[in-house]
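Heads up: the structure comes next, in structure tokens.
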Amino acid sequence: MWRLAREVPTTGLPAEGERVAVLGCGTSYYMAQAYAALRESAGHGETDAWPASEFPAARRYDRVVALSRSGTTTEVLTALSRVRPGVPTVAITAVPATPVGEAAGTVVSLDFADERSVVQTRFATSALVYLRTHLGEDTTGLPALASRALEAELPPELTAAEQLTFLGTGWTVGLANEAALKLREAAQAWTESYRAMEYRHGPISVAAPGRVVWLLGPAPPGLVADLRATGAHVETWPDDPLADLVRVHRLAEQRAIARGLDPDRPRNLDRSVILS
């Protein structure tokens, strides 16, 4: 799917220099966070990520990008309806013939990445591969790294951990948020996520033996030593952080099954939030 995502046309996506808002809910919002940080740090223009329900419609943007796997999420539809007249909109979705697809000026279909599971893994990561490719990143090696992550053995410290905290910097803050959400959704695990440099400012108090601090991407200088001093297991991965997120998906599945849970159909969740 990541290979296919690299080949999807990028018509309608933001041009360099445009001021862009990226919208989503839940997992899609966290992918929006990652993309926004990547786009701005690459010098393509100011980029803000918003939960669709908090979109500031009065703020000036040159283009609005909406991420919605189902194409039916009420908050995304409402946000698109509030975009200023004349501002181009583009929806990235797994199901293009839906209300979100009809509401956006341009629709990008990643229908090959749709999934039966309530819990998103395939669409969200494929969408980020697609967006990173559009930014000019060399994503040719990402599919192979995903395969490696699918085959790598998970350390026993991860499967047995009482609590897991995910840390990120820059674009991987969105990945850290998504990682914590995945384990919380699928396995009802106690998880948290933070910006890496903020972790020492209070949250590190929860680190202890039998718990995990998982760094998505490079660690700021000195942080790993501080984390190990707490006795917590520190998890790192040498490859691209998006491939590391695949390991989080695997851990969520394993821990859910170990607890007798269905990782694809968590309690209280539906594929899409549709409000009356």
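Only the coordinates and a few stated rules stand behind these numbers; no lab work does. Fair warning: this is a prediction, and the values are worked out from it, not measured in the lab. So basically every Cβ, Gly included, is an ideal-geometry build from the backbone, and we count neighbours across all protein chains shown.
Compute the Rg/Rh shape ratio of the range 202-276: radius of gyration over Kirkwood radius, all on alpha-carbon atoms.
Value, to two decimals: 1.09.
Could you give log10 I(q)/I(0) at q = 0.07, 0.11, 0.15 Å⁻¹ for the chain, computed by the Debye formula over C-alpha point scatterers of equal weight, without solvent?
Values returned for q = 0.07, 0.11, 0.15 Å⁻¹ are -0.24, -0.61, -1.12.
Under DSSP H, which helices of the chain have Cα atoms covering 15 Å or more of the helix axis and a Kyte-Doolittle average no less than 0.0?
122-134, 172-187, 241-258
To one decimal place, what Kirkwood hydrodynamic radius in Å is obtained for the range 45-190 from all pairs of distinct Cα atoms?
17.3 Å
Put a dot 7 Å past each Cα toward the Cβ at Glu54 and Val224; how far apart are the dots in nm?
3.2 nm
Looking at the chain, identify the longest residue range that excludes and avoids all GluC sites (Glu not before Pro) in DSSP loops having at most 10 other Cβ atoms within 10 Å.
Here the longest run is 8-152.
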